[in-house]
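Trainee: I am attaching a structure below and will ask some questions about it afterwards.
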Amino acid sequence: MTSFVRPAHDDADLPNPSRRELLKRGGLVVAFMWLGGATRVLGLDNSTRIGENHPLFAPNAFVRVGNDGSVQLVMPNVEMGQGVYTAQAMLLAEELDVGLDQITVEHAPPNRKLYLNPLLGDQATGGSTTVRYCWTALRDAGAAARYMLVNAAAQRWKVDPSQCTVARGVVTHAPTGRTLPYGELADAAAKVTPPEKAPLKDPKDFQLIGKPMRRVDSSGKVDGSLIFGLDVRVPGMKIATVRACPTFGGRLASVDDSHARSIPGVLRVLKIDNAVAVVGEHYWAAKQGLDALVIQWDRGANAHLSTEQFFADMAHASEHGKPIVAKEVGHPDGAKGKTISSTYELPLLAHATMEPINALVHVRPDACDVWVGSQVVARCADIAAKVTGLPPESITIHNQYLGGGFGRRLFEESVGQAVAFGKQVDYPIKVVWTREEDIAQDCYRPAYYDRISATLDDNGKPVAWTHRTTGASVLASFAPPAMGKNGLDPDLVECAADLPYAIPNLRSEWVRHDFPEGMRVGWWRGVGPTHNVMVVESFVDELAHAAGKDPVAYRREILGEDPRVRGVLDLATEKAGWGKETLPPRHGRGIALAAPFGSYLCVIVDVEVSPQGVVSLKRAVAAVDCGIVVNPNTVEAQIQGGLVFGWSAALYSGITLKQGAVEQRNFNDYRVMRLNETPPIEVHIVPSKEKPGGIGEPGTVMAMAALTNAIFAATGVRLRKLPIDTSLLVKDKGALNEVLSATAPVDGAPANARNLS
Amino acid sequence: MIVLTINGQDRQIDAPDEMPLLWVLRDIVGLTGTKFGCGIAQCGACTVHLDGQPVRSCVLPVASAVGKKITTIEGIGATDIGKRVQQAWLGIEVVQCGYCQSGQIMSATALLAEKPSPTDADIDTAMSGNLCRCGTYVRIRAAIKQAATGQATLPQTIA
Amino acid sequence: MKIGRALGRVVGIVVLAAIIFGGYAFMTASHTGDERTAQTQGTGTPPDLAVKEVLARGEYLARAADCAACHTVPGGADFAGGVAFKLPFGTLYSPNITADKATGIGDWSDEDFVRAMHAGVDKEGHLLYPAFPYTSYTALSRDDILAIKAYLFSLPVVQSPARANDLSFPYNQRWALSLWNVMFLKKERFQPEHGKSEAWNRGAYLATALGHCSECHTPRNAAFAMKDGEALAGEELQGWRAYNITSDKTHGIGGWSDQELADYLSKGHVAGRGTASGPMGEVVEHSLQYLTPSDISALVTYLRDVKPQPIGAPVSSGQPGNTVAASGTEAGLGEELFVGACASCHLDNGQGRQTDYAALMGTRAVSDPHATNLTQIILHGSQLNVGHQPVSMPSFGQAYSDAEIAALSNYIVKHFGGQQGALSAADVAARR
Ligand code: FES
Ligand code: FES
């Protein structure tokens, strides 16, 4: 069994991950490798034959061929929009020689033995890892199944299997022209001895991989038939909605439910330690009941927490805390030259997946069923077992399609909550969070406070660079053993410790500053890289400005050796026409360049900023080198979507705290980008034969810095704090006093209203 | 008991007058294609048609839908324009997680019913009330144009 | 509240008049006027409630007087006080008026309570700030006041110590108010006007004494006293515009039908006229919706007859703009925002399909070129709970910039009110 994931001991004795490894895999992946042992994709052990007595041919955990010719592929990773069902299906189907239109896909049940993601050390989907770990493994699985089917045909015809070819699930004996479809071979194939290792196709023979394939999950998503977690209905089910203590770590003191109980359709009011749920015949009854409760909270230790305090604490920790050094080369301190120093502040972020958090649970004395869309099915089973006290084998998780994940559904605490409520009733309940609850009780992307400084030589090149990040670690609570030996969270310094630039003296370090007790940190579409690239690429822009140089020319001057970095820089600047034209006043073009999650990206954004400070995006160009591309269609979609997700956060989103509670409630105040605010986005892919890199998160990683750099180019205002405070971008006082026209601007009129792209 | 006409079928429903249509559809009728995203008319996930007009069912008391033709995502494919929009959505590969897409398709269909050849500004006006957290907006715009013109405007990577 | 400015002026007046009026004012501060005035026609509860016992009458009157608006914190215990009134020079907090002996008014005698309502003086003889509308309540009949007291004393007591007011010198000098009272407080009980109908007189009592409409709707003079000659001609307070509600056809409510007026008062909404929001929303929610139909119609009768005052912005006279976005033209920022965040509820044509309360077309709030109330609603949202039917609009202040809200307001005013919006980003900043 080969995998590009190398045995753990290769890295374990290194004090710091080597730069190459980091660039290749991303810090998170390296972190999990330090866990040790996770060197095989277990489900891909072809001897794991499940369902021996099954009417289907099931040579391994992923492939099922029925007597009727149906081909079912079991997806080890969950689909949340990122297109992995299609990519994984392509890998399997490629080697199995079936068309994507001939297969159906289904979720894998929780089974760490069969469906472990070795890069995450768990049955989990996240960290842009899916294609990276499945690349060899799923092709092996498909090839093994094909081998057995072909051998079954050869045995029946009594010919040499090497004379047989397969196309679209039909085996042909070339010399005689005889054919047998897979369906007729299923029984016989089950009796064939599985191969040690079936040969894989030569990439030049790929039929599917590298072609822009249509998604396998689209049709049910355009006619409303596809079932998300929130859509599951089971007989006898009731609906509940929840309110948990608004302050983190607070408790439920008392509930007066007299009004709620008198509402028609309200069935029960359930309590747990820190939350209350109203169960109703339908959501509306439950919601009305919830609104009618008079709840007293014991607001707990964080009752006075505020965002200001939060950042003041981080600033203090940044000065006085003990940093963990992620990387140090040369002598970054005391270099001679002009020193530039900056401080960056990035906010807490919520996920706001379009599908609010939910879980349908049915707890019985001897069993528990949970229907949920989760990125961590096995952990859902664990928590259900823990809360019910039932043995793991009595728990059944029915995983569903996810209406967005973005890291939110890597956390299963809401499933624990639903089960705790479900225990109190003897019928199934679907626990549906309101959007307000979804935003107020999220696992937030940590806030960060960064101090960064560089010393420039006479040519403006950085001779020394120091970067100190302060903030909470997600990894420390998500997978404590994955933390580095010196307490380093490798995710936190990805794209900060290893830069695409050659800087002789450099130190990258982190001061750990945990969230207050009771507040949950969360993964969020690229935690470390998203944060670091914003800081690093903004700061590189600051240096270019200090050196009096064009941002692209400057980057070229200080670039490191890696040709793939130069590749994306060249492609993006050429497509965007960098430096080819002069932009009108208050228009600007910004760039970001980085290598997150094993991929290489350069993104260029054009903006216009109105005199009153309203920002509008005009155009974006992305160049991507993510190694071998499985499905270019998905790559383009993920980069486009990832950029929008990142711009949303930079422009509008930010969670703030007041009296220990989140101030934002819904999309009215946790604003996200809309269609009319989205510019055209071009995605250009660099052809590559390297191993696949991630694409789910990199778009988001690049979005923020490219945008704020463009705003700097348009206005001369350097934004070091997100979300963007548009009052900083106001042209002058007079602009604020201008009456903002109610009608469309006419040609030649002052641009006091934003134009659409 | 009230009677609702949903996708051409009459249904007897027992629900309080002020119950939003969204929950009647999802929790009583069992049509779950219409989604819940915000509950306050900010996201458009719950968009359905009332006599052809796009409305946010999460804030529409069911009583105001009585006597009107309700069309949901499950029924939109039965209309000419709805079918074309769905085809374009598949052709352009718009969907990602797909959760918002019922609402997007309902809004797009209503737009094309009113304006067969929408301009970019028309598309903005009709579609900016529909949020997509996955950020599929670029392709939504392209798919609407494809549905309008009948000309394939494939994503640039699908050659 | 404008009290801030007013108190500033009060202090100015104090300096001038202290010597002349000081002694006199001080001596008369606690006088309540003639307490022997009998319960006159027009006072009390409507006939259908008159037979009820005192508690039921007290509850009705307490609602009509809208005690809860100032003495109940949203979500808090009834009448436990603590509602903050933010003034430029500090903050006033309303006191606990439950019958708790230690922290409420449990040990107040009938006389104490009547004196507070009639003279603006508490049990200890401290002068009360005129945020408490004793200038209107002074007209209440003694019987009505005692019915209210009986009702308050029948409710659960709540222990809730008064929050100390947080006023800076010299505004914390309560004695200064005695001078103001001498000048502007007429300690007179309500007297029905002869020659007017019973309904008119009842309406007058509801509007002037119990409902204290004037406190918000009547313009104030330099000393923050109501301008007698301009009753109900409109005023701005707490950032909201209390509209001209005189019978003027162009500037007031003269153009409204009786039914429209009655609907607005009892339901908080009339299509094409307006939806009660902000402070008026609270009045409808806590007070007006509970009035009997006879009282509502009495109020209408009275308001119909209020002397017309052509003051303030005219009620929509402009032509609402073409509400369908012109194809092919580039949309402005305001329109972009409207279609994104607003049209879902209010609809492109402003008809508000989702709930009647969301109808914008032609309402007063969108016909005001200064968009005073409109901006408040966009910034802070709006809630109204009528007949246990909550309607609400979320706030957009946090997520949208001043420039965006200005553009949005101007767009709305133009398209649904037919006025040329005149807001700049700086105006919005000032209203935050
Ligand atoms: S759920 Fe109705 S608009 Fe969001
Ligand atoms: S496709 Fe996921 S929210 Fe739109």
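The values are calculated or read from the model by the stated rules, or taken from the named source; none is laboratory data. Bear in mind the structure is a predicted one, so any value in this text is a computation, not a measurement. Please note: Cβ atoms are built from the backbone with ideal geometry, for glycine as well, and neighbour counts cover all protein chains shown.
Trainee: Could you list, in sequence order, all residues of region A:344-383 that are part of a loop (DSSP other than H, G, I, E, B) and surrounded by 23 or more Cβ atoms within 10 Å (Cβ to Cβ)?
Mentor: Passing the criteria: A:Ala350, A:His351, A:Ala352, A:Thr353, A:Met354, A:Glu355, A:Pro356, A:Ile357, A:Gly373, A:Ser374, A:Gln375, A:Val376.
Trainee: Continuing with this model, one more query. Counting only residues that are polar (S, T, N, Q) and under 21 Å from B:Phe36 (Cβ atoms), which one in region B:69-101 is farthest from ligand 2 (Cβ to nearest atom)?
Mentor: Step one: filter region B:69-101 for residues polar (S, T, N, Q), giving B:71-72, B:79, B:86-87, B:96, B:101.
Filter again for under 21 Å from B:Phe36 (Cβ atoms), leaving B:71-72, B:96, B:101.
Details: B:Thr71: 21, B:Thr72: 18, B:Gln96: 4, B:Gln101: 6 Å.
Result: B:Thr71.
Trainee: Answer yes or no as to whether A:Val683 is away from ligand 2 (no atom under 16 Å from the Cβ), within 9 Å of chain B (Cβ to nearest Cβ) and within 30 Å of C:Leu333 (Cβ to Cβ). Lay out the reasoning, then the answer.
Mentor: Values: away from ligand 2 (no atom under 16 Å from the Cβ): yes; within 9 Å of chain B (Cβ to nearest Cβ): yes; within 30 Å of C:Leu333 (Cβ to Cβ): yes.
Yes.
Residues are listed down the side, and each one gets a yes or a no for (1) without any contact (Cβ under 8 Å) to a residue 24 or more places away in the chain; (2) at the interface with chain A (Cβ under 9 Å from one of its Cβ atoms); (3) under 15 Å from the mean Cα position of the chain (by Cα):
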site	(1), (2), (3)
B:Gly52	no, no, yes
B:Thr71	no, no, yes
B:Ile76	no, yes, yes
B:Ala88	no, no, yes
B:Ile92	no, no, no
B:Ala110	no, no, yes
B:Pro116	no, no, no
B:Arg139	no, yes, no
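Trainee: Which one of C:Ala371, C:Ala403 is modelled with pLDDT of 90 or more, within 20 Å of the chain's Cα centre (by Cα) and not polar (S, T, N, Q)?
Mentor: One residue alone meets the criteria, C:Ala371.
Trainee: Follow-up question, since we're still on this one. Taking region B:1-36, which residues are of a type in the set (Val, Ile, Thr), touching a helix residue (DSSP H, G or I) at 6+ places or on another chain (Cβ under 8 Å) and within 9 Å of chain A (Cβ to nearest Cβ)?
Mentor: Scanning region B:1-36 gives B:Val24, B:Thr32, B:Thr34.
Trainee: Can you tell me which residues in region B:30-43 are without any contact (Cβ under 8 Å) to a residue 24 or more places away in the chain and more than 10 Å from ligand 1 (Cβ to nearest atom)?
Mentor: Scanning region B:30-43 gives B:Gly30, B:Thr32.
Trainee: Scan region B:57-78 for residues that are at pLDDT below 95 and in a loop (DSSP other than H, G, I, E, B) and jot them down.
Mentor: Scanning region B:57-78 gives a single hit, B:Leu60.
Trainee: Would you check if C:Gln420 is surrounded by fewer than 21 Cβ atoms within 10 Å (Cβ to Cβ), in a loop (DSSP other than H, G, I, E, B), touching a residue at least 12 places away in the same chain (Cβ under 8 Å) and not assigned by TED's automatic domain parsing to the domain that holds C:Ser266? Lay out the reasoning, then the answer.
Mentor: Details: surrounded by fewer than 21 Cβ atoms within 10 Å (Cβ to Cβ): yes; in a loop (DSSP other than H, G, I, E, B): yes; touching a residue at least 12 places away in the same chain (Cβ under 8 Å): yes; not assigned by TED's automatic domain parsing to the domain that holds C:Ser266: yes.
For C:Gln420, the condition - surrounded by fewer than 21 Cβ atoms within 10 Å (Cβ to Cβ), in a loop (DSSP other than H, G, I, E, B), touching a residue at least 12 places away in the same chain (Cβ under 8 Å) and not assigned by TED's automatic domain parsing to the domain that holds C:Ser266 - is met.
Trainee: Which ones in region B:120-144 are at pLDDT 95 or above, away from ligand 1 (no atom under 16 Å from the Cβ) and either surrounded by fewer than 17 Cβ atoms within 10 Å (Cβ to Cβ) or not in a helix (DSSP H, G or I) (or both)?
Mentor: B:Gly135, B:Thr136
Trainee: Now for a separate question. Can you tell me which condition B:Lys83 does not meet? The list is (1) within 12 Å of chain A (Cβ to nearest Cβ); (2) surrounded by fewer than 21 Cβ atoms within 10 Å (Cβ to Cβ); (3) more than 15 Å from the chain's Cα centre (by Cα), and all the others hold.
Mentor: The one condition B:Lys83 does not meet is (3).
Trainee: Further, regarding this structure: How many residues, within region A:462-484, are over 30 Å from A:Glu663 (Cβ atoms), within 22 Å of the chain's Cα centre (by Cα) and either in a strand (DSSP E or B) or free of Cβ contacts under 8 Å to residues at least 12 places away in the same chain (or both)?
Mentor: Of the residues in that region, 1 qualify.
Trainee: Residues in region A:118-125: is at least one within 16 Å of ligand 2 (Cβ to nearest atom), closer than 18 Å to A:Gly694 by Cβ and surrounded by 24 or more Cβ atoms within 10 Å (Cβ to Cβ)?
Mentor: Yes: region A:118-125 contains one or more residues that are within 16 Å of ligand 2 (Cβ to nearest atom), closer than 18 Å to A:Gly694 by Cβ and surrounded by 24 or more Cβ atoms within 10 Å (Cβ to Cβ).
Trainee: A follow-up question, please. Do we have C:Gly125 as farther than 19 Å from C:Cys213 by Cα and either surrounded by 15 or more Cβ atoms within 10 Å (Cβ to Cβ) or in contact with a Gly (Cβ under 8 Å, 6 or more places away or on another chain) (or both) here?
Mentor: no
Trainee: Here is a list of conditions, (1) within 16 Å of ligand 2 (Cβ to nearest atom); (2) in a loop (DSSP other than H, G, I, E, B); (3) facing another protein chain (nearest Cβ under 7 Å); (4) of a type in the set (A, V, I, L, M), and B:Ala41 meets all of them except one; can you say which number that is?
Mentor: Checking B:Ala41 against (1) within 16 Å of ligand 2 (Cβ to nearest atom); (2) in a loop (DSSP other than H, G, I, E, B); (3) facing another protein chain (nearest Cβ under 7 Å); (4) of a type in the set (A, V, I, L, M), the one that fails is (1).
Trainee: Condition (residue is buried (at least 18 other Cβ atoms within 10 Å of the Cβ), within 16 Å of ligand 2 (Cβ to nearest atom) and at pLDDT 95 or above) applied to region B:13-30: is it met by at least one residue?
Mentor: no
Trainee: Considering only region A:406-416, I want to know if a residue exists there that is within 14 Å of chain B (Cβ to nearest Cβ) and within 16 Å of ligand 1 (Cβ to nearest atom). Don't jump to the end; show me each part of the working.
Mentor: Start the filter on region A:406-416 by keeping residues that are within 14 Å of chain B (Cβ to nearest Cβ), which leaves A:406-409.
Next, only the ones that are within 16 Å of ligand 1 (Cβ to nearest atom) stay: none.
For region A:406-416, residues within 14 Å of chain B (Cβ to nearest Cβ) and within 16 Å of ligand 1 (Cβ to nearest atom): absent.
Trainee: Answer yes or no as to whether A:Glu682 is in the same structural domain as A:Ala620 (by TED's automatic domain parsing), buried (at least 24 other Cβ atoms within 10 Å of the Cβ) and acidic (Asp, Glu).
Mentor: For A:Glu682, the condition - in the same structural domain as A:Ala620 (by TED's automatic domain parsing), buried (at least 24 other Cβ atoms within 10 Å of the Cβ) and acidic (Asp, Glu) - is not met.
Trainee: As an exercise: evaluate B:Pro54 against (1) buried (at least 24 other Cβ atoms within 10 Å of the Cβ); (2) outside any strand (DSSP E or B); (3) more than 16 Å from ligand 2 (Cβ to nearest atom) and give the number of the one condition it does not meet.
Mentor: Unmet condition: (2).
Trainee: Return yes when B:Gln104 is outside any helix (DSSP H, G or I), within 16 Å of ligand 2 (Cβ to nearest atom) and modelled with pLDDT of 95 or more and no when it is not.
Mentor: no
Trainee: Quick one: in region A:346-367, which of the residues that are small (Gly, Ala, Ser) and within 12 Å of another protein chain (Cβ to nearest Cβ) is farthest from ligand 1 (Cβ to nearest atom)?
Mentor: A:Ala350
Trainee: Do we have any residue at all in region A:149-163 that's within 30 Å of B:Arg133 (Cα to Cα) and either at pLDDT below 90 or among the aliphatic types (A, V, I, L, M) (or both)?
Mentor: no
Trainee: Only one of (1) more than 21 Å from A:Arg64 (Cβ to Cβ); (2) within 14 Å of another protein chain (Cβ to nearest Cβ) fails for A:Leu208. Which number is that?
Mentor: The failed condition is (1).
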